[in-house]
1. If a residue must be exposed (fewer than 14 other Cβ atoms within 10 Å of the Cβ), part of a strand (DSSP E or B) and touching a residue at least 60 places away in the same chain (Cβ under 8 Å), how many such residues does segment 3-28 contain?
2. Residues in segment 36-57: is at least one within 15 Å of residue 125 (Cβ to Cβ) and among the acidic types (Asp, Glu)?
3. What single numbered condition from (1) modelled with pLDDT of 90 or more; (2) open to solvent by 80 Å² or more (accessible area, probe 1.4 Å); (3) of a type outside the set (A, V, I, L, M, F, W, C) fails to hold for residue 67?
4. What are the residues in segment 34-62 that are touching a Lys or Arg at 6+ places or on another chain (Cβ under 7 Å) and either part of a loop (DSSP other than H, G, I, E, B) or of a type in the set (S, T, N, Q) (or both), if any?
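The values are calculated or read from the model by the stated rules, or taken from the named source; none is laboratory data. Remember, it's a predicted structure, so these values are computed and weren't measured experimentally. Cβ coordinates were reconstructed from backbone atoms using ideal geometry, including for glycine residues, and neighbour counts include every protein chain displayed. Heads up: the accessible areas ignore ligands, DNA and RNA and are worked out on the full protein's heavy atoms, side chains in. Shrake-Rupley method; radii C 1.70, N 1.55, O 1.52, S 1.80 Å.
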Amino acid sequence: MVERYLDSTLESVDSAEELAVGVAQRAGLDDDELMKIGLAVRESMVNAVMHGNRYHPDKKVRFSASSHAGRFVVQIADEGEGFDFESLPDPLAPENLMRTSGRGIFLIRSFMDDFQLRHLENGGIEVTLVKNLVSK
């Protein structure tokens with residue numbers, strides 16, 4: 001298991017992606033799955049840094065990646081104000097197709113086998129991304 005507290009910077013997005021892909025690679029996932037995991041982690045980290053912590057220098061992003069019990073799991077938690085999951089606009093609705101943002105969670109859901117969001121007691125959001133490990 002890898003666990004880190006990362007700064008609310010775009011450099012942390014790169015670090016988290018690199019750490020997650022490294023753990024996934026050691027778990028035996030193939031290149032296609034590694035690419036999907038990298039993109040899902042990148043989207044989740046951008047959300048945490050930009051939308052959650054709003055680049056605040058005193059706020060951290062908690063990142064962990066592990067593989068156990070046939071699952072590769074990444075958890076990312078920010079210290080932001082949170083948001084209403086139900087109010088997310090549909091990125092496939094015609095009025096949203098040309099928007100430059102708003103597809104992150106849609107992409108994460110499509111790249112991972114399971115994706116969960118939860119509000120933390122002290123504020124912020126924690127996302128859990130899961131990829132099932134297939135024995136070869």
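1. Going through segment 3-28, the residues exposed (fewer than 14 other Cβ atoms within 10 Å of the Cβ) turn out to be 3, 5, 10-11, 14, 18, 22, 26, 28.
Next, from what is left, pick out any that are part of a strand (DSSP E or B): 3, 5.
Narrowing the set further to residues that are touching a residue at least 60 places away in the same chain (Cβ under 8 Å) leaves 3.
So the count comes out to 1.
2. yes
3. With (1) modelled with pLDDT of 90 or more; (2) open to solvent by 80 Å² or more (accessible area, probe 1.4 Å); (3) of a type outside the set (A, V, I, L, M, F, W, C) applied to residue 67, the lone miss is (2).
4. Taking segment 34-62 first, the residues touching a Lys or Arg at 6+ places or on another chain (Cβ under 7 Å) are 37, 53.
Scanning segment 34-62 gives a single hit, 53.
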